[in-house]
Each structure stands twice: as structure tokens, then as C-alpha cells.
1. So for the stretch C:195-338, if I pair up every lysine 8 or more residues apart or on another chain, how many of those pairs have alpha-carbons under 27 Å apart?
2. Hey, if you put +1 on the Cβ of every Lys and Arg and -1 on every Asp and Glu Cβ in the stretch C:15-199, which of C:Pro162, C:Cys152, C:Pro91 ends up farthest toward the positive end of that dipole?
3. On a 0 to 90 degree scale, rounded to 10, what angle separates helix B:285-295 from the longest Cα axis of chain B?
4. Got a sec to turn the phi values of the stretch A:255-269 into Karplus ³J(HN,Hα) couplings, 6.51 cos²θ - 1.76 cosθ + 1.60 with θ = phi - 60°, whole Hz, x for Gly and Pro?
5. If one computes P(r) from the Cα atoms of the protein assembly as shown, what percent of pairs lie at distances over 47 Å?
6. Which whole-percent values make up P(r) of the stretch C:211-334 when all C-alpha to C-alpha distances are grouped in 10 Å steps starting at zero?
7. Starting with the fewest neighbours, write out C:Arg90, B:Arg291, A:Arg207 ranked by other beta-carbon atoms found within 10 Å of each beta-carbon.
8. C:Glu246's amide H: which non-local residues (gap 5+, or another chain) put their own amide H closer than 5 Å, with H modeled 1.01 Å from N in plane and none for Pro or chain starts?
Amino acid sequence: MALKEFKLPDIGEGIAEGEIVSWKVTAGQAVQEEDEFVEVMTDKATVTITVPFTGSIAELKCAEGDVVPVGSVIAVIDAGAAGAAAPAKEAAAPAAAAPTPAPTPAAAPAAAAPAAAAPAAFVQSSPGKVLAAPATRRRAREMGIDLATIAPSGPRGRVTNDDLTTASPAPAAAGGAAVGGHSFPPIAIPPAPEGRTETRTPFRGLRRKIADAMTRSKYTATHFTYVDDIDVTDLVKIRQEAKAAYADKGVNVTYLPFIMKAIVSAMKKYPEMNSSLDEVTNEFVVKGYYNFGIATDTDNGLIVPVIKDVDQKSVGELAAELQDLAQRTREGKVTVDDLTGGTFTITNAGNIGGLFATPVINFPEVAICGVHAIKDTPVIRDGACVPGKKMYLSVSIDHRLVDGATGAHWMNVVKDHLEKPYGMLLG
Amino acid sequence: MSLELVTILDKDGKAQRGKDPNLPPEELQQLYKLMCATRALDERGLALQRQGRIGFYLQSTGQEASHIGSAYALQASDWLFPAYRQPGILLLREIPYEKIIAEWFGNSGDTSKGRQMPVHYSFRQANFVSISSPIGTQLSQAAGAGMAAKARGEDTVFMTFCGDGGTSSNDFHCGLNFAAVYKAPVVFVCENNGWAISVPNDKQTASDSMAIKADAYGMPGVRVDGNDILAVYRVTKEAVERARRGDGPTLIETVTYRIASHSSSDDADRYRDKDEFEAWKKKDPIARFQRYLKHKKLWSEDFEKECVEGSRDEIAAAVKVAEALPPVGPETMFEDVYMNQTQHLKDQKKYLHDLVQQGGVGAEIGHFPL
Amino acid sequence: MTATNPQAGESKTGTKVMTMLEAINDAMKVEMRNDDRVVVFGEDVGKKGGVFGTTMGLHEQFGENRCFDTPLSECGILGAGVGMALYGMRPIAEIQFLDFIYPGFDQIVSEAAKMRYRSGGEYTCPMVIRSPYGGGIRGGHYHSQSSEAYFCHTPGLKVVIPATPADAKGLLISSIRDEDPVMFLEPKAIYRHAKDEVPLGEHTVELGKARIAREGADVTVLCYGAMVPVCEKAADLAAEDGRSVEIVDLRTLVPLDERTILESVKKTGRVVVVYEAPKTGGFGGELSAIIAEKAIEYMEGPIVRVAGFDTPFPYSLEHLYMPDPKRVAAGIEKTFVW
């Protein structure tokens, strides 16, 4: 809370006092700068004074009809919640006169920089001018963040490196493109209505990071999702056999190794499905290595550990590595090395339910493949309708880099390999 | 061609026949006392330096007659552009000991606010122009001041000093040349004490003397026995009167000897001949003049005591007072750079002030090898 | 390495602990033995061996023709030095205190610096001008000036400032061998305090190469001369606050080792430029400009200068005038919190 006293100004020509004709606001009311505030009558004129800054009315100090001397306090305004308080010495000027890309939102605790140690009030000397060290600016540019949208926590309204790591990326920023463009003010969620409850927790940590990553991915890569259903009847049989064969080695063989191998084969025919755009050098990078991240849900949220060099490992080796990874993930022993270097991601949501999905690409990869549940379903074989097993694969692809036709062809190869697994052995 | 060395006193301290200037007894005694006081001051200065109470000192031992005798020929309104080895002039012009000694300590009693090394005095009240370390710079300044006074029709005379080393400086040439061309009322006194730190005369010049260089500039040159105070006084008086008449500058070479080392940082024993030193000690100007006074019946034990011990006592008392004065404050560093303190100096003053407040800044550094 | 019979013969191996004074003296002895074109002259350099002792023994060892006293005339010393150099000698002119160089400034700037250029290379001036500079000895206005900026601002001159005994020797020998006029400025405050192992014999240090005096990760301090030990102490203070300081000893100001400076600054992202000379127009401004121009995107904070004040060098307040470890440490902190 930052309470600021509002004193009756000398409205003009050295008047000494004025009569409060009518209040245009009530105590507790949220007000915006320039809203009508109070009507005051002097022996020269009756004038309407407007609200000097955005906030809420804490207290009205006098009643309609009172005659008060110039300079006396007629109201107290709360300039805003923690993080938006203007310092006492700035009291004269309407301190938070900043225009709407409001680094000082009036009441938006959710958007406030987490755990900021009572930051000094942000007073913008000229709207639109952002203060930041050169290295911070470079990072902001590389991260695609519009500095003007960041709530600064440094002295004199400076955006710090910490502010960047906790900030949301600006919507308009594309890799390498000019930062700036369109930005929206943060939205405040009004408190629960009378008699109802809500819980509020600071939005930070891993969840925040995931949010940032998701936002960036969706706003940068132009997603399209292509879905196909795979007849896995034969694959199921093969997997059963493999599972039995590896059981005494203590390795649980799932469908994932087979899917990974199928994807690698398809990528070798359509290498652009294993690519990225280098935003710094503006180069289209087609990778000759195949590191697949496996999106994994943990108690803390989503992580994507990576299996490296999938093309060089056998189904059995992949199965073992996947198992080990799952174990280490459960034990919280996943290392930084495990989490980096991926070229493609597989997300396995099928165990929960659903038909197919529109997964979000693990940016800056070019595509992500969702693997869904295997379901018993009628299939057409040699003109007859027989029971079979089918599985959906949904692949989201960055349309900037890969066209629909390529994605479809790629999927056809994957599908072909999974429906006729022996084909993979033959190359 | 060798210029004749002007002398008055013989080795027994008697005035040569017909040459005695017959100064009034008070003046003779005053001259003696000034020389004794100057020597006492120099003794004290070096002692304080050796004790580490001041950082540096430079003595005029052996040259008391040379600079006091010459400055004595001036009027109070005449200006002095000294070098750094003429402390007797301060006493002649009645600068109190406390003020002189405060300069050594560089504390708040110092005219120059502790800014310069010891013996770099400035006393406007005595028309004694601020001293700097670079050699010879005062010579062309004296010429210029002389040019100014002459242009304004004033009869001020300007006396400036340098050493034998000073005659090799750029300013010796420019100063003498300008003064002569403009017929400025300047008296150039070159105290040739034989040594420019460790460099003897024969390395300093190939001329027969320093005085003869005056010829090249078109002014009279006079060579005088620098340890004969009466001779020094007489030739300087003539030069001062010449200048005041409007007849232009003179170069006077006082032939003397630097009994002490160049400064507290020098040890002349390392480069000087012991015999030469002993020979010159025998020609000590104070001892010579004492003999003269004795002949004139103007000397007594009591008088000697007054001159020597009396001076020492006064000086000791002044040291006590001067040393106790408070040091200069950090803010003084930023004053007098310009007449009006500029913004950037105000900012720097504040920056230092803040640092000093935080504490620890400015630990003692520096030693006294000079 | 231990000294193997350091007293004997021409080729010496090993090292010996020397002060900077001794190292400078040794450099001149080595080169005067090596090259009979090398001569040393100035005020009091002969019999007295210099007012600080840097030329001790040279007159004795090499004679009047190789090491001699001059009249009290900087103009004469430097002008004659230029003449000797033109005639094929390798003159080492000593100016007793850098504060006294001004009467000879004309010969340096108008003549020595421009000789090769104005003559199309026909005439060159391989002269070394040696002079003690800087404060710290209670020398007041005229025995303490750090006026290297005037010389850095004069194209045609090289400006070298050592901070360690080994560098003093190595840089001086390289300066003597250099074909261009070199201002070799000796930090008198550490003439005797700087004491370290110095290689015997012909030890050279390349001009134009800076030295990483201390490696660090968080902030770079650029300094030279007597400020190097000050910065080392400041770095110790900063380490107590968890700041890892990298110290770059420039060694040569002109030509400058920009590469080493920029590499360091880009690594740490923070820089403090320390020089005891008056702040305005000092060489530190040039360093700041280079960094601002070539490494701005790496700067995490302001480019801070810690320098002497814009006043004549004071006598009594010398200890407040010169940058000291606490003041430098405050400057270091300013690159983090400002």
C-alpha cells in the first residue's frame, strides 16, 4: 500500500479556500488517472478536479459542503499494491503516469516479479524509454523479449537479467526479427466473488518456465498437426515376443523403441523433419544426428530427457536406456546433459486416454510426435472386417520450415514401418 | 676574456681600501642577524626532515650572503621571482617563522594549503612570487613582469634568482633575451654555487663564467664574490638603480659554494671532492662578515647569542606552533584550480567526500626519498 | 630457476631477485655491452648514477663517452638525443622527472615523433626517453605527474610503462632495440617496492602485449604502472565480497594490446579502468571508448574509471588524490551495483 495525500490545490489566482460541492468517487473505489474526482467551488469558479494517478480511494477526508483551505488534505489515495508504490519524494508528480504497457500494474500480483526485495518505485522519465545494461538488451533480443513489457526491478527502473529470466516473452517477437510490435497489458483476475473462495500461488519456477517455453513455441513456430492411425496388430505381436525375450535381462520393452526406429527411418528419407532454424545466423540446419527427447510427466511438471544417437542403437539398447531414464526420472537423478541436445521429441499421452492430440513443438525443434493409446478396433483386412489394434500418431510440425506434403509423406513412412515391422529390418 | 671578481672583504674580513660601502651600523648588524637566522632555519629544516616530521628540505648553507646581500638592495615594493634556495629573503621581508614553517608541514597554516613540497613558498604580502620546481621558469616571468611595469610607467624593480644549472635552461635564454630587448627593469642573480646536484660547472658550460653570457644578450654582466655580503650588496644596488632609472637589466653572477648537499634526498659526499669542500668552508660568508663586524666593533658575544641562539629559540617556538596547526581538509584539494569551481570538480569533491565518509580511503602512502 | 654464476660473463642464465631500479639498471648494462651504439645521458646520470640510482655504475663501467652528465637542459638533452639517433646511435635520454620534460616537449613531439613520417622513412629516431613518473613519494606538483596522455596522443611515439621488475628489464631492452622513439615511463613509487625474480642476460618482453596479472571471472580491471599493485590489493578486497577480479597490466599503452583487453572484457562483462593521472583527458578515457565501441553488447554494467582528480597533484593530500585499494574496490563494486 502506498498512501498518498491529496491536498486541495490552488486552483487559480491565489484563492485561499474552496467548498466541496460533490465527490465523484467513493471510498474504496478503484480509479484511473483523469477520472473525475471532486467538484470544488471557489469565489471565482466551480471546477472539477480529476484524479491525479491510478489507484484506489483510501479515504475521503471531508464531506460535501465543507469549506477547506487550499493545501489541506481532502483525500487519501492508495497508489497501488507492492511493487507499484511511488516514493514519497516523487509525490508531487503523478508518479505512475506511465502509459498502458504498464510496468506498474495497479493490482496484478500474479504478474509481479517474484520475491523482489521491496524494489524502488519505477518512475519512467520518458514513456517508452527502457533502461537496461547493454548485455541485458542483447539477451532480451535473443530471447525475443520486448523490454518495454518487463516489470523492472533494478534501481531507477532498470530491467535486470533476473527480470528477463522471469518475464514472459513478448507476443510479437520472432527470432531475429525486430522486437517491439504489438503487446498487451497484463490481465488481472478479479478476486473471488463474495462468499466464494480461491487460492492464489505465485506463478514461478518450473511451471513458469514451461509456460514461457510453450508460449514461445506457439508464437514462433507456425504449428500444423497431422494425424494418422496405424494398424499395429503385427507390431503388438512383435513387441510381445521382444518383451519375453528381454524379460530375463530385466529390460521392459515398450512400443517406444520401435516407434523411434520407425521415425529415424522416415527422417532419413525426409531429413527436414530433423531440423531447426538458427535465428542468430538465419540458417536452416538439417541435423545428421538423431537425439530424441521423451516428454515425461513428473510431480513437478514436464521434463524432456533425451536419448542420444537413436540411429546407432538397437531396439534392445533403446529399450534399456528408456527404462533407465524412467528410473532416474522417478528418483530425480536426471542430469543437465540428459535434458539437452535433442533434435526431435516424442510425447506419450496415450496411457491416460483420448484419441489424438495437437502437441506443442519442443522449440526450436521442427516437429513433435504424439503417441496415443493402442485400442482394439475393427479393421478391414482383405475386404473383411476383423478385430485389430490401432494407434493414432499425431505430429505437430513447424510450417515455416516443413510443408504439409512433406509431413504427410514422412508419416506414411513411419506408418509403413510400424504396420510392417519386418520392413525396418530390410532397410 | 674573464670578468673580474668583485670583492670588498679580504680574507681577514677587512674592507679593501676605499671599497667599504659604509652602511649604517644597524643595517650591518641586521645583515649579520639575517644570515645567522637563515642558517638556523636551514639547520632546523633539515633536522625535521631527518626526524621524519617533514617530507623534504633544501638548504642554502654557504649562500646566505649571496641571496640576502642581493635582496637587501631592493625596496619593499620591488618584486622577487626566486628559485628555491633563497630562504633568507623571507626573513628579510619579515615573513613570520610560523608561516614559513607551516609551509614545511603543509598544514592549514600554509599559504598554499599544503599543495606544494616544502620550501616552495608563495608570499604575496612580501611580493615574493610562488616558487615552482622546474628550473629557470621564473626568469622569463621576471622579464615579463618587468615589461609590464615599464609599460605602465611604474618604477618597480624585479629581482630573479637561478643557479649555475639554471643558466642552461630554455628560460635563461628567453628571459635574458626578452629583458634586454625590452630593456625591462630586471636584475638577474645567478648564484653559481659550483654544482647542479652532481653536475659541476665544467659540465654545465664552456663559457669562462656565467656573467659573461650577459654579453651575448646585450646587457652588463657582473661577477662578484658571493660569500662577501658587502660586495654582493654593492653590485646589486648598482644593478637595481640601473633598472629603476630605466637603463635595463643586469646579470649578476655570485660566485659561491653549496656547502650542503643539493637537498635532503642528496648526498654530495658521493660525488664531491673533500678538499674542495674544506677550502670553501674556510670562506664561509657568516664567519667572514663576523670578522668584519668585529673590526667595526659591532660584534659581541651577546650579539652573537642573540643572532644565533635567539634565532634558534624563536624558530623552535614557531615549529611548536606551526606543527600543531590542523591539517588541510580534503575539500581544499578542489579549490583554486579555477577561480570558480567547475561542476566536474564539485562532482569529484563529492565523490571523495562520500568515500572518506565510508572510511578507509587514503591510507598513508609515500616515502621521502627526495 | 637459480642464478648460475650471475657475476660472470656475457651470457647469463637463471634469474635473480631485483628491485625495479636494479632491473632497469641491468637492462641498460646488458644492452650497452651488446651494442656500442647505445649511450645514456641526462642530468646527474654519470658519477652520481642518477637521483634514484638507475644509472649506477654505468659511467664507471662504460666510461664518459657512453654514460655522461648533461647541462641542466631538457631541451638540449632531447634535441641532442634526436641528433644522435639520426646519426645512427641508440640514445637513452634520461629526464630526471617527467614533470620536467616540458622544455623538451617540442623536440619529442615535433621532431622525434614525426621524423620517420616526414622524411618518407629516410631518417628515423630510435631513441628511448626514460623518465620516472607518477606520485607516491610526497613529491608535490612537480615530482609526481602522470602525464603519459600527452605522449599517447602523439602519433609516432610508443609509450611503455612497466609494473614489475622483470617487465621493466624486458621492456626496456625491447624499447632500446625498437626502431621507433619510445617513452619509457618508470613508476617511481614502486622503484624499490617492486621486487621479484628477473631473468639474467638478454631478457626481452615484446612491446604491445599486455599481461594478465591475475585471472578472474566477474570483472576486468585495466591498469598500468604503480596502479597494478594497488589493483591487486583492491582485487583482494573485492574477493572478500565474492567478486572474482581479472587484472590486465597493459605494459604498453601505445601500441595497445586491444585483443587481450577485449577478450578479457567480453569474458567478464564488467570493467574498471584505473589510472592515477587526472581523470579528464587521461588515457583511461581512450580505453573506455574502445570498449564502448567494440564490446558494448557484453557490458553488464557501466564502464567505470577510477582516476586521479582534475587538480594539480597535491603534496599534503597525496594519499587522497591517488587511487588506493579501497577506492578501486568501490569502483569495482560500482560495475555490479550502480
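Readers should treat all values here as calculations from the given coordinates under stated rules, not as data from a laboratory. The shown structure was predicted, so the numbers you read here are calculated from the model rather than taken from an experiment. Glycine gets a Cβ as well: all are built from the backbone with ideal geometry, and neighbour counts include every protein chain shown.
1. Here the count comes out as 26.
2. C:Pro162
3. The answer is roughly 50 degrees.
4. Taking θ as phi minus 60°, the curve returns 6, 4, x, 5, 5, 4, 5, 5, 5, 4, 4, 5, 5, 5, 7 Hz for the stretch A:255-269.
5. 55 percent
6. Percent of pairs per bin, in order: 14, 50, 31, 5, 0.
7. In increasing order of surrounding Cβ atoms, one gets A:Arg207, B:Arg291, C:Arg90.
8. C:Gly216, C:Ala217, C:Asp218, C:Val219, C:Thr220, C:Val221
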